[in-house]
Amino acid sequence: MEIEGTDTPVTACTAPVAEGMVVHTGGAKALRLARSALELLLASHPVDCASCLKSGSCELQRIAKHLGVKLKTKRFAKILPELPIDSSSPLFIHDPNKCVLCGRCIWVCQDKLGRGVIGFAYRGFHRMVTTFGDEPLGGSRCQDCSECVAVCPVGALVFKSTAH
């Protein structure tokens with residue numbers, strides 16, 4: 001976002017609010033940074049929307065449309081993960097290849113429900129959402145409440161019932 005009186009855009013989640021502050025989220029600099037950030041995210045995300053169970057309700061699709069960014073951007077080289085898909089849960093599928101590392105599933109599992117079954121592991125390009133010891137979700141302490149599926153903005157966590 002851009003704050004009147006400053007030259008450099010700042011992140012909305014870290015900028016302290018001040019009396020009389022005037023904020024613009026649609027300024028040219030802020031939008032350019034948002035588009036670049038989305039393109040970087042898409043460079044490590046498989047764009048197979050036609051076969052994705054979240055197609056039509058995916059937040060990446062919605063944000064790309066809002067920012068005017070093509071989903072199959074060629075600006076950055078593609079670096080796609082090739083991680084195994086976990087279908088061990090009786091209710092849902094976890095495809096870590098589609099995860100955008102937003103942390104919503106972790107928040108709902110740890111903070112809202114107090115279970116802490118999933119969390120972030122590793123760093124950099126290897127960072128991922130997983131269980132302790134990389135156990136499959138069906139063999140972990142997961143109680144199949146599916147709250148994580150409900151908050152996932154992309155096709156990383158989807159109900160098996162929508163796969164049929």
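The values are calculated or read from the model by the stated rules, or taken from the named source; none is laboratory data. Nothing here was measured: the structure is a model prediction, and the numbers come from that model. Note that we place each Cβ from the backbone using ideal geometry, even for glycine, and neighbour counts take in every protein chain shown.
List the helices (runs of 4 or more DSSP H) that sit entirely inside the range 1-108 and contain at least 3 residues that are within 30 Å of residue 141 (Cβ to Cβ).
104-107
Of all residues in the range 149-164 being of a type outside the set (Phe, Trp, Tyr) and out of contact with any Lys or Arg (no Cβ under 8 Å at 6 or more places or on another chain), which is surrounded by the most Cβ atoms within 10 Å (Cβ to Cβ)?
The extreme case among them is 157.
Would you confirm, using the coordinates I've provided, whether residue 90 is more than 18 Å from residue 153 (Cα to Cα), in contact (Cβ under 8 Å) with a residue 40 or more places away in the chain and in the same structural domain as residue 124 (by TED's automatic domain parsing)?
It is true that residue 90 is more than 18 Å from residue 153 (Cα to Cα), in contact (Cβ under 8 Å) with a residue 40 or more places away in the chain and in the same structural domain as residue 124 (by TED's automatic domain parsing).
Need the failing condition index for residue 13 against (1) farther than 28 Å from residue 159 by Cβ; (2) at pLDDT 90 or above; (3) hydrophobic (A, V, I, L, M, F, W, C), just the number.
(2)
Specify the residue that is nearest to residue 119 (Cα to Cα); the eligible residues are those in the range 142-164 that are in contact with a strand residue (DSSP E or B) (Cβ under 8 Å, 6 or more places away or on another chain) and in a loop (DSSP other than H, G, I, E, B).
142
Residue check: is residue 101 surrounded by 12 or more Cβ atoms within 10 Å (Cβ to Cβ) and either within 23 Å of residue 47 (Cβ to Cβ) or assigned by TED's automatic domain parsing to the domain that holds residue 39 (or both)?
yes
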